[in-house]
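Trainee: The structure's right below; bear with me while I get my questions together.
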Amino acid sequence: QVKWKGKDLFDLVCRTLGLRETWFFGLQYTIKDTVAWLKMDKKVLDHDVPTEEPVTFHFLAKFYPENAEEELVQEITQHLFFLQVKKQILDEKIYCPPEASVLLASYAVQAKYGDYDPNVHKRGFLAQEELLPKRVINLYQMTPEMWEERITAWYAEHRGRARDEAEMEYLKIAQDLEMYGVNYFAIRNKKGTELLLGVDALGLHIYDPDNRLTPKISFPWNEIRNISYSDKEFTIKPLDKKIDVFKFNSSKLRVNKLILQLCIGNHDLFMRRRKADSLEVQQMKAQAREEKARKQMERQRLAREKQMREEAERTRDELERRLMQLKEEATMANEALMRSEETADLLAEKAQITEEEAKLLAQKAAEAEQEMQRIKATAIRTEEEKRLMEQKVLEAEMLALKMAEESERRAKEADQLKQDLQEARESERRAKQKLLEITSKSSYTQPMNSSTTALPTDLPSFNLISESLSFDFKDTDMKRLSMEIEKEKVEYMEKSKHLQEQLNELKTEIEALKLKERETALDILHNENASRGNSKHNTIKKVS
């Protein structure tokens, strides 16, 4: 509305986002190539805003925390800082070394995609994602697939982290980068030497224009007595009166106003951090702890449900496998039964043929006996005839004896075949009995299987209603959660050492693929600082 002040518009944006930690943010606009921030106590249209419509403001973090994990309470605050810092790193407004860029990219992927699943996150799934600064990509002879492989290797290690946890890990690493949270302004000292002034959460820093990583001089907020400007001249008065006053000139009066505005806001937050939390902040932190505990319990419950579901699915698969095995056994038993029946039929047929052959031989033996008797009755009287007849009789007797033996052998064979037939029928009876047993098992397994497939509907259901969101946190619960948080801190310290080792390992691995001629001035400065063991915080302590 026309009468709205800056605070009215700012509050509307914060209410829309559900944001309560409003002191970090502001509405930014650009006028004549200079960044400016909307003043809360001034009407929106009274600002020197662009005349063309619509008027565009950017809702951005104006001030940065010293320690993101301790100061950023709300999840929405963490998320907004994550988005802004990530964009600044990708746009190369914050210098980030290659190995740290890969690690930050892996946390960004965890925040977006959740836990790594090789069946879902297949090769090429990051092809369309902007995850690394172009400077890092151009610095090495590595294909996009090689970068993706290294990012995915770290991404797989972040299993179990929720989106807010992954984003916080990202911020905890990013806040140690030298250019994190620093606003740079071009200035000149009394001698006309061009310098850079950096304003951040820790104080004021003076840089060489070619080195934005390492300040030459630093003024911590607690060592500054007064800051003022007159036209384009800016004055910093240290608390120690023995130290000379530092004066410099900026390019525009508007820039001096912006510098003073940032100094006041950062100094106020610096002092607030060193005092007891206000009642509002205490309430927000208590609510955040409760919300974090509730989410942790919810994640544990979902993890248990997931585990139960997976166990149920494994049981179902095992029962299905067992059912298939029983079906195969039943099929094999049926085939064995059919073969037994065929064998029994063949044996019965063979026994019948053998029995008929035995009868035929017995009949022939009887005929031979009759022939012998007839020969005896009609014996020839002469000796020759008698001798011939005796010889014939002897031959007939031998033939009869052979036939009797053959008949006896055939009879024994018939008895053996009958016995084999009996055994075959007994095998057939046993095979039928086994088939009945397997059939009864299959009929028993079928209801088990059907009940198993229905398991997911019997599992505890999760209804997102207001009753399910209320928890009664007892003292013992909060103590237990406090102990868990302490335990997590100890684990984090151990992981930090492991993380540094991993970063060094990756740096060594990709060093051979680096194109030295493409190194930027910031790359060279960062490597020099790293070789000396200099970090962001100990450098500021040295030059303060």
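Trainee: Over the stretch 49-155, what relative contact order in percent results from Cα pairs under 8 Å that are six or more residues apart?
Mentor: Here the relative contact order equals 29 percent.
Trainee: Which of LYS112/LYS172; LYS39/LYS275; LYS3/LYS232; LYS241/LYS541 have a Cα-Cα distance over 23 Å? Walk me through the numbers on the way to the answer.
Mentor: Values: LYS112/LYS172 18 Å; LYS39/LYS275 26 Å; LYS3/LYS232 32 Å; LYS241/LYS541 20 Å.
The pairs that break the limit, which is 23 Å between Cα atoms, are LYS39/LYS275; LYS3/LYS232.
Trainee: Given 0.36 nm per residue, what is the gain on full extension from GLU528 to TYR184 after removing their alpha carbon distance, in nm?
Mentor: 121.7 nm is the gain from fully extending GLU528 to TYR184.
Trainee: Another question about this same structure. How far apart, in nm, are the 7 Å Cα→Cβ label points at LEU499 and ASP41?
Mentor: It is 4.1 nm.
Trainee: What base-10 log of the normalised intensity I(q)/I(0) is obtained for the stretch 85-191 from the Debye formula, alpha carbons as equal point scatterers, at q = 0.15, 0.16 Å⁻¹?
Mentor: With no solvent term, the Cα-only Debye profile gives -0.64, -0.71.
Trainee: Which of the lysines could a cross-linker span from LYS516 if the Cα-Cα distance has to be under 29 Å and same-chain partners fewer than 8 positions apart are dropped?
Mentor: LYS86, LYS87, LYS93, LYS134, LYS216, LYS497, LYS507, LYS536
Trainee: About the Cα centre of the chain, how large is the charge dipole given +1 on each Lys and Arg Cβ and -1 on each Asp and Glu Cβ? Please answer in debye to the nearest 20.
Mentor: Using Cβ point charges on Lys, Arg, Asp and Glu, the chain gives about 4120 debye.
Trainee: Any chance you could run the full-extension gain for ARG123 through GLU406? It's 0.36 nm times the residue separation minus the Cα-Cα distance, nm to one decimal.
Mentor: Numbers: separation 283, 0.36 × 283 = 101.88 nm, distance 8.30 nm.
Length gained, ARG123 through GLU406: 93.6 nm.
Trainee: Residues of the stretch 326-357 with the amide nitrogen closer than 12 Å to a label point 7 Å from the Cα of LEU436, along Cα-to-Cβ, please.
Mentor: In the stretch 326-357, the label zone of LEU436 (backbone N under 12 Å from the point 7 Å along Cα→Cβ) covers no residue.
Trainee: From the phi angles alone, apply the Karplus equation (6.51, -1.76, 1.60; θ = phi - 60°) to the stretch 45-58 and give each ³J(HN,Hα) in whole Hz, x where the residue is Gly or Pro.
Mentor: Result, rounded to whole Hz: 7, 7, 6, 7, 8, x, 7, 5, 10, x, 6, 9, 10, 10.
Trainee: Computed FRET efficiency, Cβ-Cβ of LEU360 and GLU426, R0 41 Å: what is it to the nearest 0.05? Before the final figure, lay out each step's value.
Mentor: Numbers: r = 30 Å, r/R0 = 0.74.
Computed FRET efficiency for LEU360 and GLU426 comes out at 0.85.
Trainee: Under a point spin-label approximation (7 Å from Cα along Cα-to-Cβ), what is the LEU394-GLU69 distance to one decimal in nm?
Mentor: 12.2 nm
Trainee: To one decimal place, what Kirkwood hydrodynamic radius in Å is obtained for the stretch 23-84 from all pairs of distinct Cα atoms?
Mentor: Working: mean 1/r = 0.0753 Å⁻¹.
Computed over the stretch 23-84, the radius equals 13.3 Å.
Trainee: Kindly provide the trypsin sites (Lys or Arg not before Pro) of the stretch 236-323 that DSSP labels as loop, not H, G, I, E or B, and whose Cβ sees at most 10 other Cβ atoms within 10 Å.
Mentor: Listed in order of number, the matching sites are LYS241, LYS242, ARG274, LYS275.
Trainee: Return the FRET efficiency for the residue pair LYS247, ALA288: r is the Cβ-Cβ distance, R0 is 45 Å, and the value is rounded to the nearest 0.05.
Mentor: In this case the efficiency is close to 0.55.
Trainee: So if I place +1 on the C-beta of Lys and Arg and -1 on the C-beta of Asp and Glu, and nothing else carries charge, what would the dipole magnitude of the stretch 238-322 be about its Cα centre? I want it in debye, nearest 20.
Mentor: Its charge dipole is roughly 460 debye.
Trainee: Taking the Cβ-Cβ separation of GLU194 and GLN261 as r and a Förster radius of 25 Å, what is the calculated FRET efficiency to the nearest 0.05? Walk me through the numbers before you get to the answer.
Mentor: Working: r = 23 Å, r/R0 = 0.92.
My answer for the efficiency is 0.60.
Trainee: Step by step: find N for the chain, compute 2.2 N^0.38 Å, then divide the Cα radius of gyration by it. What's the final number? Could the numbers behind the result be given before it?
Mentor: Values: Rg = 48.0 Å, N = 544, 2.2 N^0.38 = 24.1 Å.
That works out to 1.99 for the chain.
Trainee: Additional query: Within 10 Å of each candidate Cβ there may be at most 11 other Cβ atoms; applying that plus a DSSP loop requirement, which GluC sites (Glu not before Pro) in the stretch 266-361 survive? Don't skip to the answer; put the middle values down first.
Mentor: Numbers: sites: GLU280, GLU290, GLU291, GLU298, GLU305, GLU310, GLU311, GLU313, GLU318, GLU320, GLU328, GLU329, GLU335, GLU341, GLU342, GLU349, GLU355, GLU356, GLU357; in loops: none.
Here no loop site has a sparse enough neighbourhood.
Since every read-out is calculated from the coordinates, none of them should be taken as a lab result. Quantities reported herein were computed from a predicted structural model and do not represent experimental measurements. In this analysis, Cβ positions are derived from the backbone assuming ideal geometry, glycine residues included, and neighbour counts consider all displayed protein chains.
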